[in-house]
1. If you take every residue apart from Gly332 with its C-beta less than 10 Å away from the C-beta of Gly332, what net charge results, scoring Lys and Arg +1 and Asp and Glu -1?
2. Counting only heavy atoms of the protein chains, get the accessible area per residue of the range 113-271 (1.4 Å probe) and round it to a whole Å² value.
3. Classify the range 326-375 from the C-alpha gyration tensor, please: rounded if a/c falls under 1.5, else prolate or oblate depending on whether a/b exceeds b/c.
4. Using only Cα atoms, locate the centre of the range 343-421 and the centre of the range 308-332, then give the distance between them in Å, rounded to an integer.
5. Using the Karplus equation 6.51 cos²θ - 1.76 cosθ + 1.60 (θ = phi - 60°), what ³J(HN,Hα) coupling, rounded to whole Hz, does each residue of the range 404-416 give in order, writing x for Gly and Pro?
6. Within the set of other residues whose C-beta is less than 11 Å from the C-beta of Arg51, count the net charge using Lys and Arg as +1 and Asp and Glu as -1.
7. Efficiency by 1/(1 + (r/R0)^6): what FRET value for Lys269 and Asp362, r their Cβ-Cβ distance, R0 = 60 Å, to the nearest 0.05?
8. About its Cα centre, what dipole magnitude does the range 32-185 give when the only charges are +1 on Lys and Arg Cβ and -1 on Asp and Glu Cβ, stated in debye to the nearest 20?
Amino acid sequence: MLTVTPKTPSPSPFLHEPLPKSQNPNPKPSNSHQIHCFNGSYHKPTYQTERGLQFETEDTFFRHESATGRDLGVLSAALYKQSKQQLRVLDVMCGCGIRSLRYLAEAKADFVMANDGNDAHRRVILGNLKSIERGSGDEKRWVVTHFDANRVLSECYLKREFFDLIDIDSFGSDSSFLRTVFNAVKRDGLLYLTSTDGYSSGGHRPNNSLASYGAYILPMPYSNEIGLRMLIGGAVREASAQGYHVSPLFSYYSYHGPVFRVMLRVHRKALPDNRHYGFISYCNHCGNSQAYSWEELGQMSCPCRPLWTGPLHDATHITKMLNLAEKWGWVGDGTGTDLEKLLSRMIDESDPRLPFGYIKLDEMASRAKMNSPSLKTMMSAVQKEGYVASRSHIASNAIKTNCPMVACIRIAKELQGCQKN
């Protein structure tokens, strides 16, 4: 992959290919409350507002609940722009174009390529981006294309069009683009990846997770964190095959969908560092988990699966995101409490002393055959014994801690005894 690009690159020739006649957008109808479709029917526009930006969705796939994921992507993109003084974004599966619009309007992207495989969405995407002046030539700010994900990534590479941030909001466990994406991202660039396959992360489709991400996943109590590690691990594997190294800046899980999103920084490295890519085992008998390196495969005593075992977040990066969100008025003074709480918990989860996984208090109480103490009380007691503990942004009634399950049960029983006395 070439990593040096012109200072002010112009979009490649394939971006200007004329669309087939069936792909050309219809002219705007005189009645602004009705939109004439290809089949002759009419649809009322479906206007939405996000962070003060108005846009249409119509029949494109759109979720209000994904706004937090878009917030996180925009914050990271803006920090990149501040650091590098440039930002070229490829939105591979842009849907209605709201992410592209936000990268342009909020992260101040120099250029955004909004691509969606469904050319029937073209009119909606163009309409949503028209509030940003398109520009022309070397000053062009955005372009809309309709190609398959792998084709657009491959053509960008062939045309030497490299991007600072590539956002792939894919569906299910589609990972076919993981190899081609590294050809189109700049060195030290960002990849924002997605999975919505809760069945695989839950261990219900091990052959599917093996085929998609190279991880044979079996059921585990912290399956939603496994989903994030599965996605990171798949990217690590593909990056290593091409001489790259990726490190997570943040990892975000949301129950709707479910949705697993990870922001990765791409580094050029001759030999991959495998200390954070290994195997995770969970013992159903005692409830403890353990990580094994590739060198320790012969020592494993429990079923295991190759995954990313390192940190899910970069605390320094998330702290900068939180500060920027406060500067923009997204958090603070009683506003944006959910986003502020999420970022604060991610910072807490970044403690290097914390292992992978988390302990659900319901599971602990079931093993102890007792009622569970409150999460706050349990965390305080664990910390008093010298262990590290934080809340998990993934599960509301769980703690991330280096305290073993057996010790947690003992502490909980001692708390119960104190309460009885």
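1. Working: positive: Lys327; negative: Glu326, Asp333, Glu340.
Net of charged neighbours comes to -2.
2. Working: 5640 Å² over 159 residues.
In whole numbers, the range 113-271 has 35 Å² accessible per residue.
3. oblate
4. 24 Å
5. Working through the residues one at a time gives x, 4, 4, 5, 4, 5, 4, 5, 5, 5, 5, 5, 5 Hz.
6. On the way: positive: Arg70, Arg102; negative: Glu50, Asp71, Glu106.
Overall, the nearby charge balance is -1.
7. Values: r = 41 Å, r/R0 = 0.69.
The formula returns an efficiency of 0.90 here.
8. On the way: 20 positive and 21 negative charges, 62 e Å.
Approximately 300 debye in magnitude.
The values are calculated or read from the model by the stated rules, or taken from the named source; none is laboratory data. Everything quoted here is computed from the prediction, not taken from an experiment. All Cβ positions, even for glycine, are placed from backbone atoms using ideal geometry, and neighbour counts span all protein chains on display. These area figures cover heavy atoms from the full protein model, side chains too; ligands, DNA and RNA do not enter into them. Shrake-Rupley method; radii C 1.70, N 1.55, O 1.52, S 1.80 Å.
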